[in-house]
1. Starting at the first residue of region 30-36, write each ³J(HN,Hα) from the Karplus equation 6.51 cos²θ - 1.76 cosθ + 1.60 with θ = phi - 60°, in whole Hz, x for Gly and Pro.
2. Evaluate the relative contact order of the chain (contact order divided by residue number), counting alpha-carbon pairs under 8 angstrom at least 6 apart; express in whole percent.
3. Please give the helix 38-60 orientation as an angle from the longest Cα principal axis of the chain, in degrees from 0 to 90, rounded to the nearest 10.
4. Which value in deg cm²/dmol, rounded to the nearest 500, describes the helix-derived mean residue ellipticity at 222 nm for the chain, given -39,500 (n - 2.57) per DSSP H run of n ≥ 4 and division by the residue count?
5. Leaving out ligands, DNA and RNA, and with a 1.4 Å probe, what % of the accessible surface on region 1-46 is carbon or sulfur?
6. Tell me the per residue accessible area of the chain using a 1.4 Å probe; a whole number in Å² is fine.
7. For residue 27, what charge total do you get from the other residues with a beta carbon under 13 Å from its beta carbon, if Lys and Arg give +1 and Asp and Glu give -1?
8. Can you tell which of 34, 18, 50 shows the greatest fluctuation in a Gaussian network model of the chain with Cα springs below 10 Å?
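The values are calculated or read from the model by the stated rules, or taken from the named source; none is laboratory data. The structure presented is a predicted model; accordingly, all values stated were derived computationally and were not measured. A quick note on method: Cβ atoms are made from the backbone with ideal geometry, for glycine too, and the neighbour counts reach across all protein chains shown. The protein model used for the area step is the full one, side chains on, heavy atoms only, and it has no ligands, DNA or RNA in it. Shrake-Rupley method; radii C 1.70, N 1.55, O 1.52, S 1.80 Å.
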Amino acid sequence: LPGLSRWQRLAGSGLCVLLAALCFGLAGLCVPLLLLRARKFALLWSLGSLCALGAAALLRGPARL
């Protein structure tokens, strides 16, 4: 992703943060039913974590050696 402009990185990162917040929020709604819907909670939590990591990766950019 070295060809992205600053604004494209910010927009992509913002989108990933919004998706992460949505996934974490939906996972939070599954907490009371955790014994019944453990797979759904785990999937949403993992997807939220991946989106949050993607947002941080987009903001940081590739490593320069």
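1. Rounded to whole hertz, the list is 8, 4, x, 9, 4, 5, 8.
2. Numbers: 53 pairs, mean separation 31.7, N = 65.
49 percent.
3. So the inclination is approximately 10 degrees.
4. Working: 2 runs with 47 residues, N = 65.
When only DSSP H runs of four or more count, the value is -25500 deg cm²/dmol.
5. Working: 2740 of 3660 Å².
Looking at region 1-46 in its full context, I get 75 percent from C and S.
6. On the way: 5190 Å² over 65 residues.
Per-residue accessible area for the chain comes out at 80 Å².
7. Net charge in that neighbourhood comes out at +3.
8. Checking each option, the largest mean-square fluctuation is seen for 34.
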